[in-house]
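Note sheet for the following structure.
The values are calculated or read from the model by the stated rules, or taken from the named source; none is laboratory data. Note that the structure is a prediction, hence the values are computed from the model and not measured. We place every Cβ from the backbone using ideal geometry, glycine too, and count neighbours over all the protein chains shown.
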Amino acid sequence: MRFCFAFLLLFLCAAPVDAQVRVDKTTWEDHEALKLSNGTVELVLTTGVGPRIIRYGFIGGENILAELAGTPPTTTALGDWKPWGGHRLWAAPESMPGSYGPDNGPVQVQASGRSVTLTQPRDAAGLEKQITVTLAETGTAVTIGHRLTNETP
């Protein structure tokens with residue numbers, strides 16, 4: 001009985017006080033971005049470039065995604081592709097240059113409740129890329145939806 005009570009007390013103390021998901025404007029490497037947070041974890045979604053999820057981690061903790069902002073771009077037939085890091089969407093099977101359409105410009109943003117949808121206009125390969133990120137109200141769970149629309153003539 002003592003063990004159950006101690007576990008319950010630990011569980012209650014570990015639960016976030018504010019279980020509401022917040023979406024706030026921020027910046028990342030001088031680019032516009034949004035931060036989603038539920039009191040336990042946070043994500044940073046770039047909106048000035050992308051679509052990218054550039055950060056995921058516990059609040060105040062280490063980013064589990066790579067940040068490569070200082071890495072020089074690679075020139076492809078579609079333009080200069082910059083390896084910003086984080087999580088991105090690309091077409092499969094991976095190919096050069098098709099999978100490396102530059103995502104160096106701003107994206108359209110639609111926020112609704114716990115979800116944010118980032119849509120990149122059609123790139124030089126004819127693909128429109130869209131990522132929808134939904135953060136759980138509590139805990140560490142994130143759902144990521146990907147959509148590629150082929151607008152090649």
Check: Do we have residue 57 as modelled with pLDDT of 85 or more and within 16 Å of residue 145 (Cα to Cα) here?
Finding: no
Check: For the subset of segment 82-102 comprising residues that are under 14 Å from residue 52 (Cα atoms) and not in a loop (DSSP other than H, G, I, E, B), which member is modelled with the highest pLDDT?
Finding: 87
Checklist line | Count of segment 138-153 residues which are surrounded by 15 or more Cβ atoms within 10 Å (Cβ to Cβ) and either without any contact (Cβ under 8 Å) to a residue 24 or more places away in the chain or in a loop (DSSP other than H, G, I, E, B) (or both) | finding: 1
Check: Under 7 Å by Cβ, and 6 or more places apart or on different chains, what pairs join a residue from segment 110-137 that is free of Cβ contacts under 8 Å to residues at least 40 places away in the same chain and at positive phi with one that is among the β-branched types (Val, Ile, Thr) and assigned to a loop (DSSP other than H, G, I, E, B)?
Finding: 126/152
Next item on the list: Inspect segment 113-121 for any residue being hydrophobic (A, V, I, L, M, F, W, C), outside any loop (DSSP other than H, G, I, E, B) and in contact with a Gly (Cβ under 8 Å, 6 or more places away or on another chain) and give the result as yes or no.
Entry: yes
Item checked: Residue list for segment 122-137, restricted to those being crowded, with 16+ Cβ neighbours inside 10 Å and either at pLDDT 95 or above or not in a loop (DSSP other than H, G, I, E, B) (or both) -> 127, 129, 130, 131, 132, 133, 134, 135
Item checked: First in segment 51-70 and in contact (Cβ under 8 Å) with a residue 40 or more places away in the chain, second anywhere and in a loop (DSSP other than H, G, I, E, B), Cβ under 6 Å, 6 or more apart -> 51/107; 52/84; 52/86; 52/88; 53/86; 56/64; 56/65; 69/29
Note to self: Considering only residues that are part of a loop (DSSP other than H, G, I, E, B) and over 20 Å from residue 135 (Cβ atoms), which ones fall in segment 22-77?
What the structure shows: 29, 30, 48, 49, 66, 68, 69, 70, 71, 72, 73, 77
Notebook entry, point to check: Is there any pair with a first residue in segment 20-32 that is farther than 14 Å from residue 84 by Cβ and in contact (Cβ under 8 Å) with a residue 60 or more places away in the chain and a second that is part of a strand (DSSP E or B) and hydroxyl-bearing (Ser, Thr, Tyr) whose Cβ atoms are under 8 Å apart and which are 6 or more apart or on different chains, and what are they?
Noted result: 21/37
Notebook entry, point to check: In segment 21-43, which residues are more than 14 Å from the chain's Cα centre (by Cα) and surrounded by fewer than 12 Cβ atoms within 10 Å (Cβ to Cβ)?
Noted result: 30
Note to self: Consider segment 44-67. How many of its residues are surrounded by 14 or more Cβ atoms within 10 Å (Cβ to Cβ) and not polar (S, T, N, Q)?
What the structure shows: 14
